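S.K.: Okay, handing you the structure first.
The values are calculated or read from the model by the stated rules, or taken from the named source; none is laboratory data. Values in this document were obtained by computation on a predicted structure and should not be read as measured data. Neighbour counts are summed over all protein chains in view; Cβ atoms, including those assigned to glycine, are modelled from backbone coordinates with ideal geometry.
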Amino acid sequence: MKLSREQVLHIARLAKLGLTQDEVDRMGEQLSNILENFEVLQNVDTTCVTPTAQPNALKNVLKDDVVKPSLTQDEVLGNAPQRDGDFFRVKVVLE
Amino acid sequence: MLNGRQLTISEAYKLLKTKQVSSVELTQAALDRIEKIDLQVKAIVTVTGELALEQAKKADEMIASGNINPLTGIPAMIKDVICTKGIKTTCSSKMLENFIPPYNATVMEKLNGIGAVMLGKANMDEFAMGSSTENSAFFTTHNPWDLSRVPGGSSGGSAAAVAAGEAIYSLGSDTGGSIRQPASFCSVTGFKPTYGRVSRYGLIAFASSLDQIGPFTQDVNDAALVLNAISGYDTRDSTSVDIPVPDYTKCLTGNIKGMRIGVPKEYFVEGMQKVVVDAIKASIAKLEELGAIIDWNVTLPHTPYALAVYYIIAPSEASANLARYDGVKYGYSYQDTDNMWEAMEKTREFGFGPEVKRRIMLGTYALSAGYYDAYYLKAQKVRTLIRNEFDEVFEKYDALVTPTSPTVPFKIGEKTQDPIQMYLSDVCTIPVNIAGLPAISIPAGFAEGLPIGMQVIGRPFDEATVLKVAHAYQQVTDWHKKRAEL
């Protein structure tokens, strides 16, 4: 299937991913080619097959509720592009 | 590299233990080697020379007090996707170019605890997405066997560093072949443990149900030593599995008489180079000479679907994992706007490279309304079939043997314009991640000076058998002893 320009832009918006004009054009073609290769999966009969999310049978990991030291605020904020005191600074959310 | 010869871990350990050499000397020799050749190989993003010498001094003190582990004082390289406290961890991405983790990955805590020495952080495909290291946002790593060719990927820097004698061993990560394929391309030993065997805590996530950390070494014995050090249950990784870790060196008996080894036909894919087929067939004949019972007609019929399953599941998980790069908490941040959404979109536009964007788009599409059932759910169901098929085959065979990669290392630039050709490079390694199995790639020959690798696959959590087969092979061959001349 061929992805339209609108579809490419729609997916990019869902992913909050800015793309240049050039990337939009190329992405449409490349993604279409890749998706075409996925079509083979439709030949596989998966009736009554349960999906696998990850390979091992797992049980829930439960921990005792013990107070332990965590990272300090300075450590957590150490990589923040914009810091304001003990907060991450963000752009205006609500105008 | 000591006096022009590269030491294995076990050789270096003996010299350290008998005080014939100090860790500081070993570490300085490795740093000198890096200084001399890394301008050509370009395996390393960050060299941590001062820290390495400090760690080496501490290791020498540990050794002097009789407290020595096989990895104590041995200089290693770490893939730049593994978090190292206080040391830049970039994922070879502009997004994390200046990111300094506030904590260590579990594997780093384990290594630090036994006095390991870290020389630096190795180059990789951005966010571990790629098969050639050409997707690094910084530079391409060159194959030490032929500098005009790729070292494989995504752990290309880790593989090249060991192949070029810049480190005695290294750590990489493997989501679809990212340890085994570069090990094959650089003629070193590369091991991907069972999913859940090594903690992923502090491994920057690409595809969480597939990622696994593992070692690059010069032989199988060394791989067993590193696995001993990094394996084990960790409550901080909820997919880590709580089963005992054996001493992997104990299984290296050299005896594989009567062992049942299967050769799955589907792995000899169309387009595979004849030199690769010939080398692997010759290698399997060696295993037969050692007394293994070979079945050349094993069949895993769903193998041809593995690539499509992988390229739906891995990008889907990646699109969710990489949603965290929003320019707020850490990493690159576009500031030239007052609009929050625009800032986020531009941060991701300028912070990510083309392959990462392609995978985010692919994953977002496969998970989006109306397509989830047709792509993601379908892929998860076929994943079950692939896993079941392996389970059935492993009732009859102790291990499977295949080529690691369909080709010898390709030229830099040869496949960058065609994503599908690049993806095909991992066709023999991807099914193993889908099923979560342990597998190794070991050197199995050369074609006109270019390395060929053989893959050995085992049952879940049966790393021991994989190592045993690979080790037995290395007792009667010397491909793994050949070194690139640089």
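S.K.: Show the residue pairs that are 6+ apart or on different chains and have beta-carbon atoms under 6 Å apart, the first residue being within region B:291-304 and surrounded by fewer than 17 Cβ atoms within 10 Å (Cβ to Cβ), the second being assigned to a loop (DSSP other than H, G, I, E, B).
M.R.: B:GLY291/B:LYS257
S.K.: Let me ask another. Any residue in region B:188-198 that is farther than 21 Å from B:ILE284 by Cα, out of contact with any Lys or Arg (no Cβ under 6 Å at 6 or more places or on another chain) and among the small types (Gly, Ala, Ser)?
M.R.: Checking region B:188-198: at least one residue is farther than 21 Å from B:ILE284 by Cα, out of contact with any Lys or Arg (no Cβ under 6 Å at 6 or more places or on another chain) and among the small types (Gly, Ala, Ser).
S.K.: Out of all the residues in region B:382-389, is one or more acidic (Asp, Glu) and within 30 Å of B:ASP462 (Cα to Cα)?
M.R.: Yes, some residue in region B:382-389 is acidic (Asp, Glu) and within 30 Å of B:ASP462 (Cα to Cα).
S.K.: Have a look at B:VAL220, B:VAL275 and point out the one that is among the aliphatic types (A, V, I, L, M), surrounded by 18 or more Cβ atoms within 10 Å (Cβ to Cβ), closer than 29 Å to B:VAL162 by Cα and touching a residue at least 40 places away in the same chain (Cβ under 8 Å).
M.R.: B:VAL220
S.K.: To continue, here is another question. Here's a check for you: in region A:8-23, which residue that is at pLDDT below 95 and surrounded by fewer than 17 Cβ atoms within 10 Å (Cβ to Cβ) is nearest to the other protein chains (Cβ to nearest Cβ)?
M.R.: The residue in question is A:THR20.
S.K.: State all residues of region B:74-98 that are assigned to a loop (DSSP other than H, G, I, E, B) and out of contact with any Asp or Glu (no Cβ under 7 Å at 6 or more places or on another chain); if no residue qualifies, say none.
M.R.: Once the filter is applied, which keeps residues that are assigned to a loop (DSSP other than H, G, I, E, B) and out of contact with any Asp or Glu (no Cβ under 7 Å at 6 or more places or on another chain), region B:74-98 yields B:ILE74, B:ASP80, B:VAL81, B:CYS83, B:LYS85, B:GLY86, B:LYS88, B:GLU97, B:ASN98.
S.K.: Here's a follow-up. Which residue pairs have Cβ atoms closer than 7 Å, lie 6 or more positions apart in sequence or on different chains, and pair a first residue in region B:415-429 that is within 12 Å of chain A (Cβ to nearest Cβ) with a second residue that is assigned to a helix (DSSP H, G or I) and surrounded by fewer than 17 Cβ atoms within 10 Å (Cβ to Cβ)?
M.R.: Qualifying pairs under 7 Å: B:ILE420/A:ASN33; B:ILE420/A:ASN37.
S.K.: Additional query: Would you call A:ILE34 at the interface with chain B (Cβ under 7 Å from one of its Cβ atoms), buried (at least 18 other Cβ atoms within 10 Å of the Cβ) and either out of contact with any helix residue (DSSP H, G or I) (no Cβ under 6 Å at 6 or more places or on another chain) or among the hydroxyl-bearing types (Ser, Thr, Tyr) (or both)?
M.R.: When the stated conditions are applied, A:ILE34 passes them.
S.K.: Further question on the same structure: State the number of residues belonging to region B:343-369 that are among the charged types (D, E, K, R) and either under 28 Å from A:GLN42 (Cβ atoms) or more than 8 Å from chain A (Cβ to nearest Cβ) (or both).
M.R.: Result for region B:343-369: 4.
S.K.: Do you know which residues across region B:370-414 are under 23 Å from the mean Cα position of the chain (by Cα), among the hydroxyl-bearing types (Ser, Thr, Tyr) and either within 14 Å of another protein chain (Cβ to nearest Cβ) or in a loop (DSSP other than H, G, I, E, B) (or both)?
M.R.: Within region B:370-414, B:THR404, B:SER405, B:THR407 qualify.
S.K.: Of all residues in region B:314-332 being assigned to a loop (DSSP other than H, G, I, E, B) and facing another protein chain (nearest Cβ under 9 Å), which is surrounded by the fewest Cβ atoms within 10 Å (Cβ to Cβ)?
M.R.: By that ranking, first place goes to B:LYS329.
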